[in-house]
Each structure stands twice: as structure tokens, then as C-alpha cells.
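Everything below concerns the one structure shown next.
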Amino acid sequence: YSQEVVGEVKTVHVGRIMRWLGYPTAWDLQQCVIAQVDVDGSGWLDFSELLAVVRKLRDHELQAMLQTFDEFNSEELGVLSPRHCHMALRSLAQVIPLVGSADVSQRPGAGNVRSFHSSTASAHKKEEREQERANEEQEEDDASKQVDEEEADLSNSEITEYIVPEMLGDPLRHSCPTAGVDRSGFLIVAGRLRKQARQLYQKKAGFSPRAIRSLQERFMAHDFDGSGDIAHTELRKLLNDVCPDLATSAEQRPQLLQILAEADADGDGRLDFPDYLRLMKHVEDLKEKERIERELEVARKSRFSRADVEEFRELFVGAVAGREQQTARSGISKMRFEELRSMIGGICPMRSRERLHLQTVFSKAAVASAAAAAADGTKETSEISSVQEIEFPEFLQLMRLLIDEDFAGLSAHTSGAANKMNNK
């Protein structure tokens with residue numbers, strides 16, 4: 001990614017780099033971190049600044065681990081029982097990707113949820129018997145060696161899956177020492193699972209297992225003849241569906257050919273599933289670029305400076321932080337009306353008439369947000385929620401509207417980006 005300027009990368013590429021490194025990060029959190037590192041707003045990061053981004057993301061994960069331990073250490077004993085350790089890992093897996101591993105390389109249906117659980121269940125029983133015969137110190141050494149070997153020998157056939165809610169269970173219990181864990185031990189267990197998750201993320205072109213399953217269904221839908229690859233008319237149909245702008249534009253045809261060449265590893269003109277994943281990764285990268293351009297355009301039309309935008313983003317991320325599970329899965333933070341009402345209500349009091357007006361303008365913004373998501377392909381028709389939500393660009397537009405009309409005396413009660421911009 002350091003090609004245009006040697007020794008530096010564009011900030012628009014940071015998301016791709018982080019995904020390649022195995023750090024799937026919610027979009028708005030990622031933008032907050034980039035803004036903190038790119039202090040001069042140049043749009044470029046040198047290597048030390050890129051490392052700073054990684055450090056901040058790792059610190060974010062570490063804080064999530066510590067917070068989770070403290071939440072389940074309700075009796076303040078300083079040690080989690082195996083049951084509470086398992087519950088804590090389940091909760092943590094909603095925020096950051098974790099993984100459970102088992103040797104399924106010689107079992108049929110290695111990627112199947114049911115076979116995954118049956119294989120890990122037997123491994124769990126075996127581990128319990130070994131722990132009964134060994135003392136606690138020896139058990140910890142054995143567990144450490146086993147995890148190190150698993151991490152070193154990971155291959156596609158040994159990949160289980162990320163821990164997602166419908167698969168939580170035996171792998172996590174297997175990771176919890178029977179004697180329980182203290183704070184340091186919990187960090188070690190969670191850290192190992194997180195490290196394995198990063199490795200699996202890299203092997204799957206930066207896609208989560210949830211996304212992989214969805215992509216498998218879409219791949220099979222485009223593989224009309226069931227041959228296991230997509231070619232000829234199937235390929236044309238696929239391109240028209242996933243990147244219609246590129247597929248129908250003569251000017252962008254060179255870019256499309258380059259993307260296909262990079263996706264088609266053996267150059268045979270046919271896309272098998274790994275090729276398809278690489279193609280979809282390029283499509284996701286293009287969508288991310290479009291998302292950045294859309295935010296910049298909205299910020300420009302809203303007359304907000306870069307500093308204002310990032311201050312508003314921190315408010316936005318903080319308001320939706322209570323629903324980190326959704327944010328972590330979708331990758332794009334979305335705000336609901338109650339979160340907006342709570343945020344603004346914490347700044348200035350609102351009467352019933354003003355709350356009703358806020359609901360009206362929010363509903364209009366939510367309609368615009370849903371239309372924008374459908375247009376850029378970030379939301380499938382089946383994923384459209386009955387709950388109205390807005391993304392960050394619509395939040396900026398909404399704040400511009402509220403500031404301009406001095407909603408509920410907002411200008412008199414605020415300080416920071418919104419108030420400074422209103423004064424201007």
C-alpha cells in the first residue's frame with residue numbers, strides 16, 4: 001500500500017490493512033483512531049503512525065477484556081470460576097472476535113457446526129481427565145504448549161470457526177482452567193483466542209464466518225451449473241450484480257480487469273470460492289472508499305471542519321457504545337432515536353413538543369440513511385430492520401439542521417465543535 005509515496009500509506013487504505021492484519025474494527029471506531037493518529041490531517045500515515053493505529057486497536061481490545069473480567073467478578077474475589085470464565089468469554093465474543101480450535105482435520109464435515117461441537121466435546125472430556133491427574137501448575141504449562149502448537153500448525157483443514165453466538169459452548173469451556181482464572185489468567189486465555197481469531201481472519205480474506213456463510217450462499221446462487229466455479233455467462237452475471245458501475249462502464253473496464261486478475265489466482269478465467277472471496281474483498285474495499293468520499297461530501301455540505309467532524313464522531317460512537325454487539329458484527333455504527341434523544345437530552349432539556357419534532361426529523365434522516373445503505377450495497381434487503389437507525393453521515397446532517405434552527409436552545413447549552421461552528 002506504500003506505492004504512491006514511499007514510506008507512507010493513505011489513510012483510506014488503513015481499513016484494508018487492519019483487516020489483513022486480522023483487526024476487524026467498526027467503521028466509526030476505526031475513523032476515530034485514524035483521526036487521533038493523523039493529527040495534522042494530511043491523509044497519510046508513516047510506518048510509526050500505522051503502528052500507533054495497531055497499538056490503539058489492541059489497547060481497545062485489552063480494555064474490553066479487562067472490563068469483561070470486572071463485570072463478571074461481581075463478588076470481587078479476584079478469581080472467576082470456570083462457569084463465570086465461560087460466561088465472560090461468551091460476553092467478550094460479542095465485542096471482539098474470539099476463536100475456539102479443535103483438531104477436526106480428519107473428521108468429515110469439518111466446517112459443520114454439529115460436527116464441530118461433537119469433536120470439541122470429546123476433546124473437552126479428555127482435557128478434564130488429564131487435569132484430574134496433573135497439578136494446577138503443570139496443567140497451565142500443558143495448556144500453554146498445546147495452544148502454541150495449535151497456533152503454529154493452523155491450516156485450512158484445521159480451521160474451525162470464529163466464536164459466534166450460535167456456536168458458543170464447548171470450545172470456550174475447554175479454554176477455561178478448572179481451577180478458575182484470575183485477572184491475568186483471563187487476559188492470557190482471551191488473548192490466545194483472539195490471536196487465533198486474527199489468524200483465521202487473515203486466511204478468509206478478511207471476512208468473518210457470518211459473512212463467509214452469506215458469501216457461500218451467494219456464490220452457489222451464481223454457480224448455475226454447480227461446477228464449483230464461476231465462468232463465462234455466470235461471471236458476467238456476477239459482475240453485474242456485485243459491481244454494476246464497473247461492469248457497465250467502458251472507462252472503468254481497466255480497473256475491473258485488474259481486480260479480476262488479482263482475484264483469479266491461477267489465471268484460468270474461472271473463479272472458485274477462494275477467488276470469489278478475493279473478488280468480494282476488492283468490492284468491499286471499493287465500498288469503503290465510496291463511504292469515505294460520501295462522508296467527506298456530507299461534511300463539506302454541512303460546513304463542518306475536520307475537527308468538528310471528529311468531535312461529532314466521538315459523540316456518535318459514545319452514544320451507540322451500549323450496543324457494541326451490533327456494531328462489531330455489522331462494522332458500521334448506527335444510531336437509534338432513543339440514543340439521539342438521550343445524547344441531546346444530556347446537553348439541553350427538551351419539552352414534549354421538541355421531542356416530537358426531534359422524532360420527526362430523525363425519521364426523515366433514517367429514511368435517507370436506509371436509502372443510502374441500499375444504494376451502496378452495505379445493506380441487503382433481508383437485513384433491513386424495522387427499527388429506524390441513522391449512520392454517521394446522516395447524523396452530521398441532522399446536527400447541522402438542529403444547530404441552524406437552534407433546537408431547544410442547543411447553541412446556548414453546547415460547547416465544542418457544534419457550538420464553535422454555529423458561532424461561525
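Computed values, structure above
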read-out	value
Difference of contour (0.36 nm per residue) and Cα-Cα distance, SER305 to SER48	89.9 nm
Projected label distance in nm at ASP406 and GLN202, using a 7 Å step from Cα toward the beta-carbon	5.7 nm
Chain lengthening between LEU187 and SER363 when straightened (0.36 nm per residue, less Cα-Cα)	59.1 nm
Rounded accessible area of GLU262 (nearest 10 Å², 1.4 Å probe)	90 Å²
Over 27 Å (Cα to Cα) - which of LYS56/LYS301; LYS287/LYS364; LYS10/LYS364 fall in this group	LYS56/LYS301; LYS10/LYS364
Protection proxy ranking of 227-237, 305-315, 187-197 - average other beta-carbon atoms within 10 Å, highest first	187-197, 305-315, 227-237
Neighbourhood charge, 13 Å Cβ-Cβ cut-off, centred on HIS357 and excluding it, Lys, Arg +1 and Asp, Glu -1	+2
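The values are calculated or read from the model by the stated rules, or taken from the named source; none is laboratory data. Treat the numbers as computed from the prediction; the structure is a model and nothing was measured. Virtual Cβ from ideal backbone geometry, glycine too; neighbours counted across all protein chains shown. Just so you know, the surface numbers come from the protein's heavy atoms only, side chains and all, with ligands and any DNA or RNA stripped out. Shrake-Rupley method; radii C 1.70, N 1.55, O 1.52, S 1.80 Å.
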